[in-house]
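Worksheet for the structure shown next.
The values are calculated or read from the model by the stated rules, or taken from the named source; none is laboratory data. Everything numeric here is computed off the predicted structure, so don't read it as measured data. Quick reminder, even Gly has a Cβ in these numbers, built from the backbone with ideal geometry, and neighbours come from all protein chains shown. In case anyone asks, the SASA skips ligands and DNA or RNA and just uses the protein heavy atoms, side chains included. Shrake-Rupley method; radii C 1.70, N 1.55, O 1.52, S 1.80 Å.
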Amino acid sequence: NLRPLPEEVVLPPETGTTFDENALIKARAAREATGEVVIADDSGLEVDDLDGRPGVYSARYAGEDATDGENLSRVLADLAEAVGGDGSGPARYVCVIALIDDQGEHLFRGTCEGRLIQEPRGDGGFGYDPAFIPLATGAADERTMAELSPDEKNAISHRGAAARLLAEHLAV
C-alpha cells in the first residue's frame, strides 16, 4: 500500500548534483519523518551536446520559477548554439527511484533514450516532451513523447523503467 507523506512533512531542498543524490535526499528525509519503508524519485533530461545539462536542474533550467515552456525554449536555444545546423541531438530522460527499507538503501535507474528536435509538437505530456523523440518507438516513428498515447509513453518512459526495476526488487 502506497501512502503519500503526511502534509506536515517538508522535504529538504534538492541540493544533490546527481539524480541518485536527490532521490536519496528525499527518501532519507521521508524515512526519518515516518520511520517507514519509503520511496522517492528524481528525474530529468540529459542532453549529450550540452554535457548532460539540464540534468538535475531540468525543472528550473531557465530559472527557479521558470515554466515548462521557458525551460524547453532555453534547452533548445542552448542546443542550437552548441551544435548549429538543425539543432537536434541525442538526449535521454532519466529517473532514479530510491527505496529505503530495513535492509538499507536501494537505487533503481530507468532511462528513455531519444533525441531533441527544434520544432516542438504535440500537447500530451509536459516539460520537454514536445521536443523529445524516443528511440524505443522505432526508427521510422518521428512522434514526440507529447504525441504518444499515455499507454505508449508509460511502456517506454524512464519512470516506467525505474518503477519496473523497483517492482522486480520488491517481488523477490
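Odds and ends about this structure:
- Exactly one residue out of LEU24, LEU72 is of a type outside the set (Lys, Arg), part of a helix (DSSP H, G or I), open to solvent by 10 Å² or more (accessible area, probe 1.4 Å) and in contact with a Phe, Trp or Tyr (Cβ under 7 Å, 6 or more places away or on another chain): that is LEU72.
- Checking ILE156 against (1) open to solvent by less than 70 Å² (accessible area, probe 1.4 Å); (2) more than 13 Å from TYR93 (Cα to Cα); (3) in contact (Cβ under 8 Å) with a residue 12 or more places away in the chain, the condition it does not meet: (2)
- For ALA98, the criteria (1) in a strand (DSSP E or B); (2) within 16 Å of TYR128 (Cα to Cα); (3) open to solvent by less than 30 Å² (accessible area, probe 1.4 Å) hold in every case but one, which is (2).
- Answer residue from segment 42-63, given it is closer than 18 Å to LYS26 by Cβ and surrounded by fewer than 20 Cβ atoms within 10 Å (Cβ to Cβ) and is farthest from the chain's Cα centre (by Cα) among those: ARG60
- Residues located in segment 113-149, provided they are in a helix (DSSP H, G or I), more than 22 Å from VAL96 (Cβ to Cβ), in contact (Cβ under 8 Å) with a residue 24 or more places away in the chain and open to solvent by 20 Å² or more (accessible area, probe 1.4 Å): PRO130, GLU147
- Segment 27-41 - residue that is open to solvent by 70 Å² or more (accessible area, probe 1.4 Å) and either touching a Cys at 6+ places or on another chain (Cβ under 7 Å) or free of Cβ contacts under 8 Å to residues at least 24 places away in the same chain (or both) and, of those, farthest from SER157 (Cα to Cα): GLU32
- Unmet criterion (only one of (1) in contact (Cβ under 8 Å) with a residue 12 or more places away in the chain; (2) under 25 Å from ASP129 (Cβ atoms); (3) open to solvent by 80 Å² or more (accessible area, probe 1.4 Å); (4) assigned to a helix (DSSP H, G or I)) for THR17: (4)
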